[in-house]
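Asker: The following block contains the structure, expressed as structure tokens.
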Amino acid sequence: LGNGFCLIDPHGDFVEYVLQHIPKERAEDVIYFNPSDTERPIGLNMIDINSEEQKDFATQEMISIFYKLVTDPSMIGPMFEHNMRNVMLTLMADMENTGTIAEIPRMFTDDEFVKQWKKKLTDPMVLAFWDKEMAKTSDFHKSEMLGYLISKVGRFVENAMIRNIIGQTHSGFNFREVMDKKKILLVNLAKGLVGEINSNLLGLIIVSKLQMAALERASLPEDQRHDFYLYIDEFQNVTTDSIASILSEARKYRLSLNIAHQYINQLEENIKNAVFGNVGSMAVFRVGTEDATFLEPKFKPQFTAHD
């Protein structure tokens, strides 16, 4: 009783059920993130960071999110990564008021906007990207690069509902505070109301932010780290490869992970290995023959594939 937890529900029904069963005395601890409530959009900024150390993690995680969301990962590649990394690091130059993912396309079209951010930059490598690389790039190649980036980022920037969420400089709530102060975070990502790709994007950002907050707890003495419980349904849609480090490391930061999905082939090979290499407790319901054969060695001798 009194613990903090987060529930990420891609369908919406279960989160509504949980909301109705929260005791009155915990009402002030509840944060309800519901993107389909367009009257009161809560900000969710992936690059709203607290420390220099988080910059690289946020950048790499955002690139991983784009890999996850495109149908063909070969459409991204090293140039996309290079440009995205430098643009995001520029937008994080002012940690008090960071830029947002929604402003990425503007960095390739608005020279005055870039100048404002360059004034805040201290990283010589990122400055060199603008002064030496971009300054020598022809307008034709810039427009090519922009088209390439817009095809990945544009679908979110052009969607008013998502733009109102990811376009806010400050996230509407502090993930570290949610964990440390035992808050209740309910995330309603109902695909029917939000759209599947939008639902996945927001879920991926929330899981990444929770992971950042968990790893940041290293600065807290171990006896001051409260258990925080994270429940994710259909988790294969909202986790990148970093789920491996959550599963292997988050235990010491007192993040308890409860992840559910339908069948093993939904998981990419590296995520599958991370799950079965780290998860200690499994609840298995009726499965197909292929999954039963895979799971049999984990339940022998009590149960066989036939069971």
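The values are calculated or read from the model by the stated rules, or taken from the named source; none is laboratory data. Quantities reported herein were computed from a predicted structural model and do not represent experimental measurements. FYI the Cβ positions are ideal-geometry reconstructions off the backbone, even for glycines, and counts take in every protein chain you see. Note: accessible area is taken over every heavy atom of the protein model, side chains too, but ligands, DNA and RNA are not part of it. Shrake-Rupley method; radii C 1.70, N 1.55, O 1.52, S 1.80 Å.
Asker: Is any helix in the chain, taking whole DSSP H runs, at least 20 angstrom long along its axis by alpha carbon and on average at least 0.5 on the Kyte-Doolittle scale, and which ones?
Answerer: Answer set is 196-216.
Asker: Another question, then. May I ask for the equivalent-ellipsoid semi-axes of the range 72-158, computed as the square root of five times each C-alpha gyration tensor eigenvalue and listed largest first in whole Å?
Answerer: Semi-axes from the Cα gyration tensor: 20, 15, 13 Å.
Asker: Classify the range 197-257 as rounded, prolate or oblate, taking a ≥ b ≥ c as the square roots of the eigenvalues of its Cα gyration tensor: rounded when a/c is under 1.5, otherwise prolate if a/b is larger than b/c and oblate if not.
Answerer: Prolate, since a/c reaches 1.5 and a/b exceeds b/c.
Asker: Among rounded, prolate and oblate, which fits the range 164-307 when a ≥ b ≥ c are the square roots of the eigenvalues of its C-alpha gyration tensor, a/c under 1.5 means rounded, and a/b larger than b/c means prolate?
Answerer: Oblate.
Asker: With a 1.4 Å probe and all protein chains left in place, how much accessible area per residue does the chain have, in Å²?
Answerer: 52
Asker: Please say if the range 90-239 is rounded, prolate or oblate, where rounded means a/c under 1.5 for a ≥ b ≥ c the square roots of the C-alpha gyration tensor eigenvalues, and otherwise the choice is prolate for a/b larger than b/c and oblate otherwise?
Answerer: It is oblate, given that a/c is not under 1.5 and a/b is not larger than b/c.
Asker: Right, another one. Heavy atoms only, probe 1.4 Å: what % of the accessible area of the range 14-83 goes to carbon and sulfur, would you let me know?
Answerer: Ligands and nucleic acids excluded, carbon and sulfur give 54 percent.
Asker: Report, in whole Å, the centroid distance computed from the Cα atoms of the range 16-87 and the range 140-159.
Answerer: 20
Asker: Of ALA214, ALA128, ALA58, which has the largest mean-square fluctuation in a 10 Å C-alpha GNM of the chain?
Answerer: The residue with the greatest mean-square fluctuation here is ALA128.
Asker: Provide, in order from the shortest bin, the percent of all Cα-Cα pairs of the chain in each 10 Å bin, continuing until the bin that contains the maximum pair distance.
Answerer: Final binned percentages: 5, 25, 32, 23, 11, 3, 0.
Asker: How about the range 93-124: which GluC sites (Glu not before Pro) there lie in a loop by DSSP and see at most 12 other Cβ atoms within 10 Å?
Answerer: Those satisfying the criteria are GLU96.
Asker: So how do TYR148, TYR17 rank on accessible area, 1.4 Å probe, biggest first, that is with the largest at the start?
Answerer: Ranked list, largest accessible area first: TYR17, TYR148.
Asker: Hey, another quick one. In whole angstrom, how far apart do the alpha carbon centroids of the range 162-182 and the range 183-229 sit?
Answerer: Cα centroid to Cα centroid, the span is 10 Å.
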